[in-house]
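**Student:** Got a structure for you, questions after.
Rule-based calculations on the coordinates, nothing more; no lab input. Just so you know, these numbers come straight off a predicted model, no measurement behind them. No Cβ is skipped: glycine too gets one built from the backbone with ideal geometry, and neighbour counts run over all protein chains shown.
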Protein chains: 2
Amino acid sequence: MPFVDLTRAASHGAALTPRSGPVKRSGRLAVRAFRTEQREFLVEGPQGVREALAPPADGRVGPCLEVYASRAATDRHDDLRRAAADAAVAWTVVDDDVIAVLSDTVTPQGLVARCRFVDTSLAALLRRSPRLVAICADVRDPGNAGTVIRCADAAGADGVVLAGSSVDPYNPKTVRASVGSVFHLGLSMTPDVAEAVAAARAAGLSVLAADATADLDLDAADDTQLLELPTAWLFGNEAWGLPDTVRRLADRVVNVPIHGRAESLNLATAAALCLYASARSQRRAPG
Amino acid sequence: MPFVDLTRAASHGAALTPRSGPVKRSGRLAVRAFRTEQREFLVEGPQGVREALAPPADGRVGPCLEVYASRAATDRHDDLRRAAADAAVAWTVVDDDVIAVLSDTVTPQGLVARCRFVDTSLAALLRRSPRLVAICADVRDPGNAGTVIRCADAAGADGVVLAGSSVDPYNPKTVRASVGSVFHLGLSMTPDVAEAVAAARAAGLSVLAADATADLDLDAADDTQLLELPTAWLFGNEAWGLPDTVRRLADRVVNVPIHGRAESLNLATAAALCLYASARSQRRAPG
């Protein structure tokens, strides 16, 4: 099995260092242009690496190409080492300074997986007859996008579309904030928000835009059975929301009610409330 | 009105510098021990300063003691300068290096308010016959605690209790994550979680613990009218949840359902879903 110890102490001349070619190439995946060129990204930490190594439900080859692990992480996560062996994924033990090159965090947890891209085309995502999809329009903050992906997964959504000028799902902060959920649901990227909305509608989804200025609130929408329909929720940028032109593309615009005096909710929380309201309503609907 | 320009350019010998006594004293409020001793804290950014300056509903003197502002922020936020004047709060224009001493952020927005503590005793909070309260048990992450406060405010909760070894609500990151909501609802701190639960129950609140291991899920709880009751929600630490001893204190333990394959939800999102479910149920209840 491809288990190799390439720490300086164990491997003498063959050790990987921060200056080794493979390490430098992997480290460059922190930059979007290199990711896009290679169609590969990095996943950090035990939970993310676990999800990267999980056998895909469809029996296909999983996304994980290689795991870099510190000696300490290798000792601590024997389950992951076995999962890598089962998936025929190389596990390379490296020194901490190598992990530091690959890590986006201040205190790395000693585990980084190099993975193939997992997104699909919007057409492919919509062909699977999804009942619940989140479309992020120009969501720029990597942590927010990752948290939306995690919440969408938790709510049982079938996919997340990162549309317009949204951050890409392979940004290290997005991957980390998703806590493995990038591997769980359909992910698509598309530069044109209007096209994404049109495609969702053509696939039979009701398009609901979440917007604080809407007259219809989420609880009232629930009362009208609107949320029972297969739905694509449209979420806007964290700072400026949805532009008029995009909001007008939706079938309905819905606000999450602010019952107290808070000025607003953050994007991921509002998304969670919308997606869970749809999930509850769809699950309760007769049939 | 107490508007003074103490930048080096404007005030010559009287300028405030990072080494001036009042600046150093205010800067120390970043440390909990100094905050506790002074019973004062700092609020950063326009939204937080706006809420600090808003006249309290009960006609009492507001919490804001003083605003430090850069020249640029003073020019940009004339509305806040007028709010400070209306509230008879001193507005001091200072150089950017003074703001940097007072700011917790990498890119300060040029506005920092020094405020009096706004928390009340648990007894006082419960005397107001609250219908919805969040009790944080050992919530340590400052950003999470602030986001819970913001979500609780949005859901119309009457108060948030930071119990056990929870972070204090005046931590700069907590204040920032609350986006002004620390000024909107009742805040209490209490070292003993069991005491907080007992007091909530004695005040007529049903105590619901949010816990991923519970048999009863939030949607099912909603079906039983359980959520219509005046409720104190008990939320545990972000990493290890609620210890058995604390969970057992609750009337019921409720989980937020994970419909997809996400491993969990983050604390603030779970709290938002629970609090909004209660708000919806209470608002729909007859009478």
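**Student:** On average, how many beta carbons from a partner chain sit within 10 Å of the beta carbon of a residue in A:219-228?
**Tutor:** The per-residue average across the peptide is 1.
**Student:** Compute the label zone of residue B:240 within region B:165-192: residues whose backbone N is under 16 Å from the point 7 Å along Cα-to-Cβ.
**Tutor:** Within reach of a label on residue B:240, which here means backbone N under 16 Å from a point 7 Å along Cα→Cβ, region B:165-192 contributes B:165-167.
**Student:** Any idea what the residue B:248 label distances to the other copies are, label 7 Å down the Cα→Cβ vector, nm, shortest first?
**Tutor:** Spelled out, the distances from residue B:248's label point are 6.3 nm.
**Student:** Which whole-Hz couplings ³J(HN,Hα) result when phi for each residue of region B:178-192 is put into the Karplus expression 6.51 cos²θ - 1.76 cosθ + 1.60, θ = phi - 60°, listed in order with x for Gly and Pro?
**Tutor:** Listing the rounded values in order: 6, 6, x, 5, 4, 8, 9, 10, x, 10, 9, 10, 8, x, 10 Hz.
**Student:** Using 0.36 nm per residue, how much length does the chain from residue B:264 to residue B:107 gain when fully extended, once their Cα-Cα distance is taken away?
**Tutor:** Result: 53.3 nm gained on full extension.
**Student:** Continuing with this model, one more query. Long-range amide H contacts for residue A:211: which residues qualify at under 5 Å (H placed 1.01 Å from N, peptide plane, sequence gap of 5 or more or a different chain)?
**Tutor:** Result for residue A:211 returns A:254, A:255, A:256.
**Student:** For chain A, modelled as a Gaussian network with Cα springs under 10 Å, which listed residue fluctuates most, A:230, A:130, A:22?
**Tutor:** In the Gaussian network model the winner is A:22.
**Student:** Here is a follow-up. First measure r as the distance between the Cβ atoms of residue A:194 and residue A:215, then evaluate 1/(1 + (r/R0)^6) with R0 = 22 Å and state the FRET efficiency to the nearest 0.05.
**Tutor:** So, using R0 = 22 Å, E works out to roughly 0.45.
**Student:** Moving to a separate point now. Could you list which residues have their amide H under 5 Å from that of residue B:180, counting only those 5 or more apart in sequence or on another chain, with H placed in the peptide plane?
**Tutor:** Amide H to amide H, under 5 Å and 5 or more residues apart or across chains, residue B:180 pairs with nothing.
**Student:** A follow-up question, please. Could you tell me the largest-minus-smallest coordinate of the C-alpha atoms of region B:3-116 on each of the three principal axes, in descending order and whole angstroms?
**Tutor:** Principal extents (Cα only, largest first): 41, 34, 26 Å.
**Student:** Report, for residue A:39, each distance to the same residue's label point in the other copies, shortest first and in nm; define the point 7 Å along Cα→Cβ.
**Tutor:** 6.5
**Student:** Here is a follow-up. Grab the DSSP H runs of chain A that are 4 residues or longer, score each as -39,500 (n - 2.57), total them, divide by all residues and round the 222 nm result to the nearest 500 deg cm²/dmol.
**Tutor:** Here the helix-only value at 222 nm equals -10500 deg cm²/dmol.
**Student:** At a threshold of 8 angstrom on Cα-Cα distance, excluding pairs fewer than six apart, so keeping six or more, what relative contact order does chain A reach in percent?
**Tutor:** Reported as a whole number, the value is 18 percent.
**Student:** Just the number, please: Stokes-Einstein D of the protein assembly as shown in µm²/s, Kirkwood Rh from C-alpha pairs, 4 °C, 1.567 mPa s.
**Tutor:** On the way: Rh = 25.6 Å.
The diffusion coefficient I find is 51 µm²/s.
**Student:** I'd like the distance between the alpha-carbon centres of region A:12-47 and region A:189-229, rounded to an integer number of Å.
**Tutor:** First find each Cα centre; the distance between them is then 39 Å.
**Student:** Can you tell me the 0 to 90 degree angle between the C-alpha axis of helix B:267-284 and the longest principal axis of chain B, rounded to 10?
**Tutor:** The answer is roughly 70 degrees.
**Student:** In peptide A:279-286, how many Cβ atoms from other protein chains are near each Cβ within 10 Å, on average? The partial results should precede the final answer.
**Tutor:** Values: counts 4, 6, 0, 1, 3, 2, 0, 0.
For peptide A:279-286, the averaged partner shielding equals 2.
**Student:** Quick check for me: using +1 on Lys/Arg Cβ and -1 on Asp/Glu Cβ, what's the dipole size of region B:132-287 about its Cα centre, in debye to the nearest 20? Working shown, then result.
**Tutor:** Values: 12 positive and 18 negative charges, 74 e Å.
Charge dipole, region B:132-287, about its Cα centre: 360 debye, nearest 20.
**Student:** In degrees between 0 and 90, to the nearest 10, how far off the longest principal axis of chain B does helix B:193-202 point, with axes built from Cα atoms?
**Tutor:** 70 degrees
**Student:** Count charges around residue A:253 for me, please; just the other residues with Cβ under 13 Å from its Cβ, Lys/Arg as +1, Asp/Glu as -1.
**Tutor:** Counting the neighbours of residue A:253, the net charge comes to -2.
**Student:** Going by amide H atoms built from the backbone, whose H comes under 5 Å of the H on residue B:187, apart from near neighbours?
**Tutor:** Answer set, sorted by chain and number: B:120, B:160.
**Student:** Still on this structure: Taking chain B as a Gaussian network, Cα atoms linked when under 10 Å apart, which of B:172, B:191, B:46 shows the biggest mean-square fluctuation?
**Tutor:** Top of the fluctuation ranking is B:191.
**Student:** Another question about this same structure. If you build a Gaussian network model of chain A, linking Cα atoms that sit under 10 Å apart, which residue out of A:99, A:149, A:258 swings the most?
**Tutor:** A:258
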